[in-house]
Every structure is written in structure tokens, then in C-alpha cells.
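The values are calculated or read from the model by the stated rules, or taken from the named source; none is laboratory data. If you're wondering where the values come from, they're calculated on a predicted model, not measured in any experiment. Note that each Cβ is placed from the backbone with ideal geometry, even for glycine, and that neighbours are counted across all protein chains shown.
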Amino acid sequence: MRISTPKQLKELQKKFQDRDNKLAKKIIVCHGPGCLASGAEKIYQEFKKILSEKKITGITLEALKKTGCHGLCEKAPLVAIEPDKILYTHVKERHVVDIIEKTIKKNEIIPELLYVDPQTKEKIVRYPDIKFYSHQTRIALRNLGHINAADIDDYIRVGGYQGMVKAVTKMTPEAIIEEISKSGLRGRGGGGFPTGRKWATCRKVEDDTHYVICNGDEGDPGAFMDRAIMEGDPHSVLEGMIIAAFAVGARDGYIYVREEYPLAVINLQIAIEQAREYGLLGEQIMGTYFSFDIQINRGAGAFVCGESSALMKSVAGEVGEPRAKYIRSVVKGLYDKPTVLNNVETYANVPLIIEKGADWFTGIGVKKNSGTKAFSLVGKVRNTGLIEVPMGTTLREIIYDIGGGLIDGRPFKAVQTGGPSGGCLPDTMLDSPVDFDSLTKAGSMMGSGGMIVMDDRTCMVDVAKYFLSFLVSESCGKCNPCREGLYQLYKLAIKISEGRGEEGDLEKMEKLSDMIILGSLCGLGKSGPNPFLSTVRYFREEYLAHIRDKKCPAGVCRELIRFEINDKCDGCTACLMACAYNAITGSKKQPHVINQELCTHCGACVTVCTRNAIDVF
């Protein structure tokens, strides 16, 4: 069926809603990355098998649905029961029968599968009552956990393509751009550039060909927001791109997806084919003269290809290297044609802005930072996962309310935002608002939305060294300041971490950082020194301890630490068995000893010791 009018889309939506409302119960199995890795597909197949064998009144296979990421990855696999909003965590195949027999048939709760609040220890039945969810506002992630990514009908049921139809049939391109500009939507890929201004500039360029590109590369370690949207709600990305194409006058669009996201590629391709079948992509969309189609390009995993000009080079089949910024992609982008490039999350916001209006969007967030931002919350926090909060939410609320605080109640030390070229903020910044401008002022950045929480056992010199190592390996090498400068910065970080640092090394690194920022061609080099600059700004004493005292206060840098077993040791032999270098000796139930000549300071003994019997010096 080809949708040609807004009325047809509304009729389809009602049809799918009526069909869904007839289901007495719905069993929602999360198929996000974390849940899939923990066996979600086996759980889904077990539900499917039992529901096929048993005849349950009002429950058919239609009641079973696989969806995108629910967000609470730490508690995977997740199963939700609708419309009761029950959430079960750490579900196994063996639990499927009980869920069907007790919860589905008898409306009974299974206590051992419920979420436990990390602070109150209370078991919570309904997921809206869990702080992880109740403190969020979901716009870009609105459909994750609610729809089947491979079913366009499910997307239409929840209001999908309403914004696109309104834009194409009731608005002019100028009106669309005006609405996006008024909303204050800024690019969610890291730069925070005003989306409306970008679209307006591209449209004004007189050329027969314009392009629209979606950046789904997302190379930041620990970041998976765009991945979750592409895998769990691909039609929201397509809808946003269609609106952008109509606004700027493009006929062709590209989605650039990194090679490590195979499921995203599969679900996006399915979504594209389904949209074509409904006439929402292709020739004469909605019976108008507007024609637009999308194809997928796969990246090979180069971090630098997340940069706009390098990405466009890669799409064109060339080496992914950036070019000078005085050439703007909205004027000369892909194939030297005017091009709009936004990331996945940005496009996912567009349909709702058009449907609900700019005033609705500006009512969320703070001045000059409207709307919400999705983050991947990882590290030493209890509730790791995918979240979305209004701009201006404090780091404290994100880490302690949504995240549930730090694992084992350890002291908070720092949080890194903005990926490898972002910055690390200390506990004194916990009450800072999270938005583009505030994070930049604090010496960090929004980036694509990675957020890594660190406790007191984290060495900030080691953190800077790790991310500098990543950036050195990912530099394309085109410009000398980035290629050579980051390498020298990294070598100095290694020197300090190994106890060979000298007075004056920090000043040398700071001057070198200024030169790298000033002379680098693209954002990778210009933000590359950030891991060092932010850590030395807030944790300078820790650097000085490595240089002057030849000690690592966090007990991480191998060359500067020593392990010794204290009198709490009861001879459990856990450390002895964990040591791969036979550096620990001792009899069972007798105190053990570490041979310092054989010890490599790997820390395996500390990891397995449950008695706190190993001191780090």
C-alpha cells in the first residue's frame, strides 16, 4: 500500500492502534546490545516456543515483541510486561515458564526478578517508579523499548511519519527551517552547531544537487547512543532525514554506519525497504513532486571518519582524511556539492519538533541549550546504560539518582564527558549543569554523549595516557601538529606514569598542547590534548606526586607501586591462584607472602582478594 495523503496515514495509525489495544498482555523482550550479549534472543525464542505450545486466553504470539534497548544495561536481560509496566531484570531461559504461568496467567509478581534500588534496597515492580527511568525525559529515545524496529507498522502506530507528512504536505521548506531554527536544536554529534542555521545556509547555495548525510559512525569508546537508535528505532532517523532533504532540496541521502554495528545496518536496510513500499521514500513522496531516497555506506572503523569532511571523503570512496575548515561542507561537501550532515540523534529529534512545534521543544532544557541529550552512562556507576535527560541536568543527578551512585559506595573521583577528546571533571563540578556551553567552560565537552564515571582507584595520569594513546593511533596523520604533537604528548605522559618525569615536563606538555590546538587541521587534533589539559587542570597534585614523589596515589601505575600482604590474610589462596607469575607463596589457612622480585604489579591479587588483605604502596 502506498500512502498518498495524511488521511491514509491517520487511518493506518488507528488500525494498528486498535489491533494493539486488543492484546490483553504484551511481553517485551529487550534486544539492545547488552541484552543480546546476555542471551536475550534465547529468552525470546523460549517465550515463542511456549506460547506456541500453550493455549492461553487472550495471549497469542502477537503479544510477544522484541524491541530496542530499554536503557538499563546493567540489569540485562530485561523483560517488560505491558500494560502493567512490570520490569523483570537478569532474566534467564529458566524464568520464562514462571513469567508465563505466574505473571501472564495469574497477575502474580516474581520478586527475585525485580529491580532492587541500590540505596534503599527496595524491590520495585513498575519501571516508571525506578529512578533510572523516572528522572529521564525521552525524545530521541522515545520509542526504544516500545516498538519492533523491523516493523514499520509499529512505528506508524506510535505516531511515526506524522511529522514528515506534515512537513511535506503542509509546510514550505523555508517554514521547516524556520521551525528548526526557532527550536534551538543544536547538533548532537558533539559540535553543538545550530541545526537550523546549517540547513538554511545549505538551501541558499544555488546548485542543482544537494545531499543529506547521517553520521552514524560514533567512534567514542564507551558510547552507544546512536547505535541504540539505529538498531531500535531506525524509522525515526529516516523520517528526520526526509524532512531535512525536503527543507534543503536534496534528492539523495546517505547513512554512514561504522562496520562494528552490523545489526544497525540490517535494521536500517529493512526500514528503508519498508519506507519505499509505503511510498515514504522514492519518487513523488505523498503525491508531491518531492523525490528522495537513502542508501547506507559502511565505514571501516576509523575514528577520524567521524569528522564531517573525512566522512564525506569516505562516502565518496576516497581516503578518509579531513580538509581545511575554510571550505564549508554546506557549500562544498560530498562531491563538492552543498551537503547537510547531522548525526543520528539530531535527526531523531526533528520529527517531533515539526509535529509538536518549536515552542514545545524550547520548553525543555535551558536557555541556548533546548531539548534533551542522550548519554551512555558507564564506568564505576551502579546503573550503567543508555539515558536521556533535559539539557541543564546536573552531573550529580545523572550519577547518583539515575546512575544509583558508585559501585561498592566508593568515593567519586571524576567523570569524563565527550569521549577520548573530552575532559575529566572532579567532584567539585558535580553540581554543574550538563549542556554544551557549561561543559566547554569547565574544560570538557559534550561530544557525542559518552559519560565515564571513575572512583578513587582511578589514576588520572593513566586515564590521560590511555586516551592519548587512542588518539595517536586514530590520527589520520595528514597534518604535522596532530601526527607528531599528540605522539610527543603521549610519550611524555608515559614518562611521567613510569616515574621518569622531571620538573618542567608539565609546562612543556601545556605549551605543546597549545601548539597542537592552534595548528591541527580538524577536530581530532584540536581537541586531542583535552585528556591531558583537563586532568592536569583539576588533578595537578596527582601529576606532581608521580614526578616528585615517584608514587601513584591511586595505586595503578605499575612502575610506581608495590603490593604487600597484611595480617588480614587468612590463607584462602585466592590471590595465589590468581597470580600468573608465581610471585605469591603460602600454605592454606596460613598468611601468604609476595615475592617482590617476581611480582609484575598486575593487580590480579588485589582484584580477587575479598579480605582487604593486600596493601598497595
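Filtered by the rule that a residue be surrounded by fewer than 16 Cβ atoms within 10 Å (Cβ to Cβ) and assigned to a helix (DSSP H, G or I), region 538-557 gives R540, E541, L544, R548, D549. Scanning region 282-311 for residues that are under 15 Å from R2 (Cβ atoms), outside any helix (DSSP H, G or I) and either within 19 Å of the chain's Cα centre (by Cα) or among the small types (G, A, S) (or both) turns up G282, S291.
Once region 52-75 is narrowed to residues that are in contact with a strand residue (DSSP E or B) (Cβ under 7 Å, 6 or more places away or on another chain) and not in a strand (DSSP E or B), the residue that is surrounded by the most Cβ atoms within 10 Å (Cβ to Cβ) is H70. Go through region 278-297 residue by residue and tally those that are in contact with an Asp or Glu (Cβ under 6 Å, 6 or more places away or on another chain) and either buried (at least 17 other Cβ atoms within 10 Å of the Cβ) or farther than 17 Å from M241 by Cβ (or both). Qualifying residue count for the region: 1.
Does E345 satisfy the condition of being of a type in the set (D, E), within 22 Å of H210 (Cα to Cα) and touching a residue at least 40 places away in the same chain (Cβ under 8 Å)? Criteria met by E345.
Scanning region 326-347 for residues that are touching a helix residue (DSSP H, G or I) at 6+ places or on another chain (Cβ under 8 Å) and either surrounded by fewer than 17 Cβ atoms within 10 Å (Cβ to Cβ) or part of a helix (DSSP H, G or I) (or both) gives I327, R328, V331, L334, V344, E345, T346, Y347.
Return the total of residues in region 314-337 being in contact with an Asp or Glu (Cβ under 7 Å, 6 or more places away or on another chain) and closer than 21 Å to G419 by Cβ. Looking only at that region, the number is 1. Mind listing whichever residues of region 447-464 are over 24 Å from N343 (Cα atoms) and either buried (at least 24 other Cβ atoms within 10 Å of the Cβ) or among the hydroxyl-bearing types (S, T, Y) (or both)? V453, T458, C459, M460, V461, V463, A464 - these are the residues of region 447-464 that are over 24 Å from N343 (Cα atoms) and either buried (at least 24 other Cβ atoms within 10 Å of the Cβ) or among the hydroxyl-bearing types (S, T, Y) (or both). The helices (runs of 4 or more DSSP H) falling completely within region 428-499 that include 3 or more residues that are among the basic types (K, R) map to 480-497.
Output the number of residues of region 96-126 satisfying the condition of being among the polar types (S, T, N, Q) and assigned to a helix (DSSP H, G or I).
Counting residues in region 96-126 that are among the polar types (S, T, N, Q) and assigned to a helix (DSSP H, G or I) gives 1.
Can you tell me how many residues in region 77-89 are touching a residue at least 40 places away in the same chain (Cβ under 8 Å) and crowded, with 23+ Cβ neighbours inside 10 Å? Counting residues in region 77-89 that are touching a residue at least 40 places away in the same chain (Cβ under 8 Å) and crowded, with 23+ Cβ neighbours inside 10 Å gives 4. Out of Y487, Y543, one residue alone is out of contact with any Leu (no Cβ under 8 Å at 6 or more places or on another chain), of a type outside the set (A, V, I, L, M, F, W, C) and either at pLDDT 95 or above or not assigned by TED's automatic domain parsing to the domain that holds G306 (or both). It is Y487.
Given the options I255, I266, I243, name the one that is in contact with a helix residue (DSSP H, G or I) (Cβ under 7 Å, 6 or more places away or on another chain) and farther than 19 Å from K170 by Cα. Steps first, please.
Numbers: I266 fails: in contact with a helix residue (DSSP H, G or I) (Cβ under 7 Å, 6 or more places away or on another chain); I243 fails: farther than 19 Å from K170 by Cα.
Every option except I255 fails the conditions.
Of all residues in region 147-183, those satisfying the criterion of being buried (at least 22 other Cβ atoms within 10 Å of the Cβ) and either aromatic (F, W, Y) or outside any helix (DSSP H, G or I) (or both) are I147, A149, Y155, G160, Y161. A single entry from L506, L521 fulfils the requirement of being among the hydrophobic types (A, V, I, L, M, F, W, C), in a helix (DSSP H, G or I) and not assigned by TED's automatic domain parsing to the domain that holds A310: L506.
What about D514, is it crowded, with 18+ Cβ neighbours inside 10 Å and among the acidic types (D, E)? Spelling it out, it is not the case that D514 is crowded, with 18+ Cβ neighbours inside 10 Å and among the acidic types (D, E).
Screening region 350-380 for residues that are assigned to a helix (DSSP H, G or I) and touching a strand residue (DSSP E or B) at 6+ places or on another chain (Cβ under 9 Å) and picking the one that is surrounded by the fewest Cβ atoms within 10 Å (Cβ to Cβ) gives T362. Considering F470, F539, the condition of being touching a helix residue (DSSP H, G or I) at 6+ places or on another chain (Cβ under 8 Å) and over 30 Å from L141 (Cα atoms) is satisfied by F539 alone. Residues in region 429-446: is at least one of a type in the set (K, R) and crowded, with 19+ Cβ neighbours inside 10 Å? Taking every residue of region 429-446 in turn, none turns out to be of a type in the set (K, R) and crowded, with 19+ Cβ neighbours inside 10 Å. One residue stands out among those in region 321-343 that are of a type in the set (V, I, T) and within 13 Å of L311 (Cβ to Cβ): the one that is farthest from the chain's Cα centre (by Cα), which is T339. All of S314, S291, S309 fail the test of being farther than 27 Å from A149 by Cβ and in contact (Cβ under 8 Å) with a residue 40 or more places away in the chain, apart from S309. Residue pairs whose Cβ atoms lie under 6 Å apart, sitting 6 or more positions apart in sequence or on different chains, and linking a residue in region 258-277 that is buried (at least 16 other Cβ atoms within 10 Å of the Cβ) to a partner that is of a type in the set (G, A, S) and assigned to a helix (DSSP H, G or I), do not occur here. Is it true that some residue in region 127-140 is buried (at least 17 other Cβ atoms within 10 Å of the Cβ), without any contact (Cβ under 8 Å) to a residue 60 or more places away in the chain and outside any loop (DSSP other than H, G, I, E, B)? Looking for residues that are buried (at least 17 other Cβ atoms within 10 Å of the Cβ), without any contact (Cβ under 8 Å) to a residue 60 or more places away in the chain and outside any loop (DSSP other than H, G, I, E, B), one finds at least one in region 127-140, hence yes.
Scanning region 38-51 for residues that are of a type outside the set (G, A, S) and either in the same structural domain as S376 (by TED's automatic domain parsing) or in contact with a strand residue (DSSP E or B) (Cβ under 9 Å, 6 or more places away or on another chain) (or both) turns up E41, I43, Y44, F47, K48, L51.
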